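No value in this document is a laboratory result; all are computed from the given coordinates. What you see is a predicted model, and the numbers here were worked out from it, not measured in a lab. So basically every Cβ, Gly included, is an ideal-geometry build from the backbone, and we count neighbours across all protein chains shown.
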Amino acid sequence: HSALTQPASVSGSPGQSITISCTGTSSDIGGYNYVSWYQQHPGKAPKLIIFDFSNRPAGVSDRFSASKSGNTASLTISGLQAEDESDYYCSSYTDSSTLVFGGGTKLTVL
Amino acid sequence: EVLLVESGGGLVQPGGSLKLSCAASGFTFRDYSMNWVRQAPGKGLEWISYISGRSTTIFYTDSVMGRFTISRDNAQNSLYLQMNSLRDEDTALYYCARDGSGGSYFLDSWGLGTLVTVSS
């Protein structure tokens, strides 16, 4: 499975909303509701922020939301804050019973 | 608190071998499937292997199939990755990550990683 496709970078000002897309195929995103999103600050381990395409783990801000349509998943961060500046990765279960990640998106808060 | 601590990384020559370990605590280890995920310097995340709680189901990504072996010891609360025939492109930070509960397909806890450098 090829890596899922994410934009290399996105940016937004504090208080604004941004959306990060994640495009796959019918063999991964399009075939299952098992998309997850991870936040990774520099030098830190990834942190799960969305699972099963739209659910937030306990303790994750409700400013993070996600959706899926066809072969594309999206992560939206509303009310941008400086602490949101990070790398974001999507992931999906695949029809080979494996996981595949996106290439990652660097979010810059202007 | 869930804690995953990787160890065993280091510098190895191409063609060499290395065995990574991940010590787990803070949860009932045998009840959870586990994974290895790696991240090459300055690059993105790459899932490489999965093992179910009782080791009955194992998966690998194509690039490591036949070279890497995942295993676990539930009595020792430990996960392992035996890496053979190492290549330059295997250089990465290797993370141990826990599957969410109930046959999920997401990784809800991660260690800090152990660095593997393959170089002559």
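Can you tell me, using C-alpha contacts under 8 Å and at least 6 residues apart, the relative contact order of chain B as a whole percent? Don't jump to the answer; show the numbers that get you there.
Values: 293 pairs, mean separation 42.3, N = 120.
That works out to 35 percent.
Would you mind computing, in nm to one decimal, how far apart the modelled labels at B:T56 and A:T5 are, each placed 7 Å from Cα along Cα→Cβ?
4.0 nm
Over chain A, what is the percentage of antiparallel beta bridges among all DSSP beta bridges, to the nearest 5? Walk me through the intermediate numbers first.
Details: 29 of 34 bridges.
Antiparallel bridges: around 85 percent, rounded to the nearest 5.
State, as an integer percentage, the relative contact order of the stretch B:52-120 based on alpha-carbon contacts under 8 Å between residues 6 or more apart.
Working: 76 pairs, mean separation 16.2, N = 69.
Contact order relative to length: 23 percent.
Loop-only check: which trypsin sites (Lys or Arg not before Pro) in the stretch B:25-78 are DSSP coil with at most 13 other Cβ within 10 angstrom?
Values: sites: B:R30, B:R38, B:K43, B:R54, B:R67, B:R72; in loops: B:K43, B:R54, B:R67.
Hits after loop and neighbour filter: B:K43, B:R54.
Cross-link candidates for A:K106: which lysines have Cα within less than 22 Å, leaving aside residues fewer than 8 places away along the same chain?
Reachable lysines: A:K44, A:K47, A:K68, B:K43.
Note down the relative contact order for chain A as a percent, whole number, built from C-alpha pairs under 8 angstrom at least six residues apart. The partial results should precede the final answer.
Details: 282 pairs, mean separation 42.0, N = 110.
Reported as a whole number, the value is 38 percent.
Indicate the gyration tensor shape class of chain A (rounded, prolate or oblate), computed on the Cα atoms with a ≥ b ≥ c the square roots of the eigenvalues: a/c under 1.5 is rounded; otherwise a/b larger than b/c is prolate and the rest oblate. Please list the in-between numbers first.
On the way: a/c = 1.77, a/b = 1.69, b/c = 1.05.
Prolate.
Less than 12 Å Cβ to Cβ from B:V12, Lys/Arg counted +1 and Asp/Glu -1: what total charge do the surrounding residues give? Display every interim value, and only then the final one.
Details: positive: B:K19, B:R87; negative: B:D88, B:D90.
It works out to a net charge of 0.
Which whole-Hz couplings ³J(HN,Hα) result when phi for each residue of the stretch B:82-95 is put into the Karplus expression 6.51 cos²θ - 1.76 cosθ + 1.60, θ = phi - 60°, listed in order with x for Gly and Pro?
Computed from phi, the couplings for the stretch B:82-95 are 8, 10, 10, 6, 5, 10, 3, 6, 7, 4, 5, 8, 9, 9 Hz.
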